[in-house]
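The structure under discussion appears below in the form of structure tokens.
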Amino acid sequence: MKSVSMKSLFCLTGMLLSTLFCTMPVAQATEYPLPPANSRLIGENVTTVVPDDHHPLEAVAAKYKIGLLGMLEANPGVDPWLPKAGTRLIVPTQMLLPDTKREGIVVNLAELRLYYYPKGSNTVVVYPIGIGQLGAATPIMVTSVSQKIPNPTWTPTVNIRKRYAKEGVTLPGVVPAGPDNPMGMFAMRLARGTGQYLIHGTNADFGIGMRVSSGCIRLRPEDIEALFNSVPKGTRVQIINEPVKFATEPDGKRYVEVHQPLSHTEKDDPQTMKIALSAGLKKFAHSNESDTALFKQALARRSGMPVLINDGEAIDEHTPLPAILAAQTPAQPESTEAGK
């Protein structure tokens with residue numbers, strides 16, 4: 001399957017989406033009970049049907065707190081601009097926690113998600129994010145929140161101004177706070193380097209779940225407001241880039257979750273480009289308890305959802321992955337509040 005062009009997705013008219021989101025109800029953040037230390041599987045996938053309202057797929061993604069590319073990974077072939085009314089969609093609200101320290105904020109660039117572990121709450125809150133585009137990639141790091149800034153102004157860097165100038169856009173020296181500010185209404189500066197990297201809001205929701213920023217991490221307006229109000233200054237922030245997550249659960253079930261890797265050049269196709277496998281992942285895949293054929297199928301399909309790969313699962317190798325997922329972890333109907 002040919003992946004959807006990032007450029008074509010970004011060109012979706014901002015005016016259309018601004019009108020759309022003024023009339024949409026605000027969704028609540030997806031909060032999950034934290035599983036035991038030896039478990040990483042959280043949530044359940046849900047299904048929904050595209051309404052006959054002529055809205056883009058981003059409307060469904062925003063309703064369920066999912067990034068746009070996450071919806072496209074789970075539902076290949078769906079038109080992102082005008083999905084066909086009546087189409088049944090899988091909403092990927094089941095996932096594996098990153099294999100990292102469960103503290104503060106963890107960002108996995110490859111899956112375009114931010115995980116926040118509120119101290120003492122025994123929960124994890126998951127947000128879809130936008131990240132740095134080609135040529136302005138968000139770096140891997142372990143840092144902390146050094147400053148919290150309500151109503152931020154935006155001072156474009158020299159490199160940002162040059163990049164926009166190549167596209168015929170002359171940026172002002174400073175963009176004042178307000179609804180036209182690309183940083184939105186809230187920002188949290190990271191301690192890395194000169195503080196040039198921030199977690200902030202946006203005035204263009206259609207960039208969530210995509211690589212569109214100048215290196216910062218952006219959230220939908222209601223998400224950054226909730227995160228801003230919850231995260232104390234000094235909170236640990238870890239940024240990783242892991243397109244493949246895997247886990248063996250306490251009941252013995254073995255899962256692999258594969259996302260499209262981040263492209264390095266404009267010629268890269270994230271759906272087909274090679275994914276480097278760590279020694280631990282190779283060992284997991286070739287274990288006697290793992291079905292190697294199912295692992296390879298999941299690696300090729302890149303659905304962004306946990307896939308059960310235990311040896312002995314009676315699944316035909318030609319069965320499409322959505323059917324495999326339905327057989328393994330039945331998707332809940334739209335009325336189910338996943339992750340609550």
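Criterion applied to Pro243, Pro232 was being within 22 Å of Ser121 (Cβ to Cβ) and either of a type in the set (Gly, Ala, Ser) or modelled with pLDDT of 95 or more (or both), and the one residue passing it is Pro232.
Per the conditions (1) open to solvent by 10 Å² or more (accessible area, probe 1.4 Å); (2) part of a strand (DSSP E or B); (3) of a type outside the set (D, E, K, R), the sole criterion not satisfied by Ala165 is (2). When the test is whether a residue is open to solvent by 10 Å² or more (accessible area, probe 1.4 Å), assigned by the TED database to the domain that holds Leu294 and at pLDDT below 90, Ser278 does not pass it. Pull up the stretch 211-229, narrow it to residues that are of a type in the set (D, E, K, R) and open to solvent by 10 Å² or more (accessible area, probe 1.4 Å), then point me to the one that is modelled with the lowest pLDDT. Filtering the stretch 211-229 for residues that are of a type in the set (D, E, K, R) and open to solvent by 10 Å² or more (accessible area, probe 1.4 Å), the one modelled with the lowest pLDDT comes out as Arg211.
For the stretch 46-80, enumerate the residues that are in a loop (DSSP other than H, G, I, E, B), under 15 Å from the mean Cα position of the chain (by Cα) and farther than 16 Å from Leu112 by Cβ.
Correct list: empty.
Conditions (1) touching a residue at least 40 places away in the same chain (Cβ under 8 Å); (2) surrounded by 22 or more Cβ atoms within 10 Å (Cβ to Cβ); (3) under 14 Å from the mean Cα position of the chain (by Cα); (4) part of a strand (DSSP E or B), marked per residue:
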position: Val107; (1), (2), (3), (4): yes, yes, yes, yes
position: Leu114; (1), (2), (3), (4): yes, yes, yes, yes
position: Gly120; (1), (2), (3), (4): no, no, no, no
position: Tyr127; (1), (2), (3), (4): yes, yes, yes, yes
position: Ile131; (1), (2), (3), (4): yes, yes, yes, yes
position: Ala137; (1), (2), (3), (4): yes, no, no, no
position: Ser144; (1), (2), (3), (4): yes, no, no, yes
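Exactly one residue among Glu31, Glu58 is acidic (Asp, Glu) and farther than 30 Å from Gly120 by Cα, and that residue is Glu58.
The values are calculated or read from the model by the stated rules, or taken from the named source; none is laboratory data. Here the structure is a predicted model, which is why all the values come from computation and not from measurement. Glycine also receives a Cβ, built like all others from the backbone with ideal geometry; neighbour counts cover every protein chain displayed. Ligands, DNA and RNA are excluded from the accessible area calculation, which covers all protein heavy atoms including side chains. Shrake-Rupley method; radii C 1.70, N 1.55, O 1.52, S 1.80 Å.
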